[in-house]
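J.: Dropping a structure here in structure tokens format, bear with me for questions.
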Amino acid sequence: MSFEIRIHTGADHLRMALSGEIDLAVSPRVREALLACLGNGQAVEVDLSEVSYIDSSGVATLVEGLQLARQQGVEFTLSGVGGTVMKVLKLARLDEVFTIRQSPRAVGQGAA
Amino acid sequence: MRAEAEALRPMREQVRSLLLDSGASHDDMERFLLALNEACANIIRHGQDGAGDIAIEIRCSERRIEACLRDRGRPISEETLRPRPPDPERPGGLGNLFMHALLDEVRLVDPGRGYVNGLCLRLNRTREEA
């Protein structure tokens, strides 16, 4: 599966849906898209439900997104975190650092 | 493999296929692939200045899976390989943490002629699925 980033724009948040494998080759693209989404000033949700692999560069990119969101005072959540991705977050001891939704929020649905 | 980020995914696919043929469990395979990916990514990020190659030799036996990596990048030391505790404020350096957490051994070895660094990764196959 080739790597894809899809941005869904809602009234009150942006959902960035990633699919494929996140490694050192694609993490810069994820970072660029994250920074663009966060520059919007809206809450950002990163949907990982179609991510089959993530390495330390991908995890570091998500942490950078979280840090930037905190600085800007906007909500930053992960959703659709499957077993493979969760194992890596736990390995990095970051599973409790992120706010994780079980399933992606519908675009246009109000904040929980 | 070429010491380029774009070469990581094809490398993983090739090694995954090899490990499947060797009868590795899903858990062992995923652990080893992530650790190997991190070792190669470290070399690409820190060692090669955008050029060169990484020689990877994989050995599978009933008891263990091993990889020996050789590269011509900047020299590394035991200190370079030492993992530091995870810190959400400083997410860099997770690669070393992953390698040490996933594997039974990460050690520097004689790189042999023509190479600068040699790194050996070992996973004991004790996590076979029933």
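Bear in mind these aren't lab numbers, they're just calculated from the coordinates by the rules spelled out. Computed from a prediction, not measured in an experiment: that's the story for all the values here. Methodologically, a virtual Cβ is constructed for each residue, glycine included, from the backbone with ideal geometry; neighbour enumeration extends over all protein chains shown.
J.: Find the relative contact order for segment B:19-130 and round it to a whole percent, using C-alpha pairs within less than 8 Å whose residues are 6+ positions apart.
T.: Relative contact order, segment B:19-130: 33 percent.
J.: If you don't mind, there's one more thing I want to ask. Please identify the trypsin sites (Lys or Arg not before Pro) of segment B:81-122 that satisfy two criteria: DSSP loop assignment and at most 12 other Cβ atoms within 10 Å. Which are they?
T.: Loop-located and lightly packed - B:113.
J.: Taking the Cα centre of the protein assembly as shown as origin, work out the dipole magnitude from +1 charges on Lys and Arg Cβ and -1 charges on Asp and Glu Cβ, in debye rounded to 20.
T.: 260 debye
J.: Summarise the partner chain shielding of B:90-100 as one whole number: the mean count of Cβ atoms from other chains within 10 Å of each residue's Cβ.
T.: Taking all residues of B:90-100 together, the mean is 5.
J.: If exposed GluC sites (Glu not before Pro) are those in a DSSP loop with at most 12 other Cβ within 10 Å, what is the longest stretch of chain B that has none?
T.: B:1-61
J.: Identify the trypsin sites (Lys or Arg not before Pro) of segment A:5-112 meeting these criteria: DSSP loop state and at most 16 other C-beta atoms within 10 Å of the C-beta.
T.: A:93
J.: Averaging over every viewing direction, what projected area does the convex hull of the Cα atoms of chain B cover, in nm²?
T.: Averaging across all directions leaves 8.3 nm² for the Cα convex hull.
J.: Calculate, axis by axis, the spread of Cα positions in the protein assembly as shown along the three principal axes, and write the results as whole Å, longest axis first.
T.: Computed over the protein assembly as shown, the largest-to-smallest principal extents equal 60, 43, 31 Å.
J.: Shifting gears a bit: Report the one residue of A:97, A:24, A:14 whose Cα lies farthest in the direction of the positive end of the charge dipole of segment A:4-101 (charges on C-beta: Lys and Arg +1, Asp and Glu -1; origin at the Cα centre).
T.: In segment A:4-101, that residue is A:97.
J.: Roughly how many debye, to the nearest 20, is the charge dipole of chain A about its Cα centre, given +1 on each Lys and Arg Cβ, -1 on each Asp and Glu Cβ, and no other charges?
T.: The calculated dipole for chain A is roughly 140 debye.
J.: Give me the dipole magnitude in Debye, nearest 20, for segment B:5-124 about the Cα centre, with unit charges on the beta carbon: positive for Lys and Arg, negative for Asp and Glu.
T.: 200 debye
J.: In peptide A:47-57, what is the residue-averaged number of other protein chain Cβ atoms found within 10 Å of each Cβ?
T.: Mean shielding count: 4.
J.: Restricting to bridges with both residues inside the protein assembly as shown, how much of the DSSP beta-bridge set is antiparallel, in percent to the nearest 5?
T.: Of those bridges, close to 60 percent are antiparallel.
J.: Now for a different question. Would you please classify the overall shape of chain A from the alpha carbon gyration tensor, given that a ≥ b ≥ c denote the square roots of the eigenvalues, rounded means a/c under 1.5, and beyond that prolate means a/b larger than b/c while oblate covers the rest?
T.: rounded
J.: I want the local charge near residue A:42. Using Cβ-Cβ distances under 13 Å, sum +1 for each Lys or Arg and -1 for each Asp or Glu among the other residues.
T.: Spelling it out: positives minus negatives among the neighbours equals -1.
J.: Also, quick follow-up: Using the number of other C-beta atoms within 10 angstrom as an exposure proxy, rank A:8, B:26 with the fewest first.
T.: Ordered from fewest to most neighbouring Cβ atoms within 10 Å, A:8, B:26 come out as B:26, A:8.
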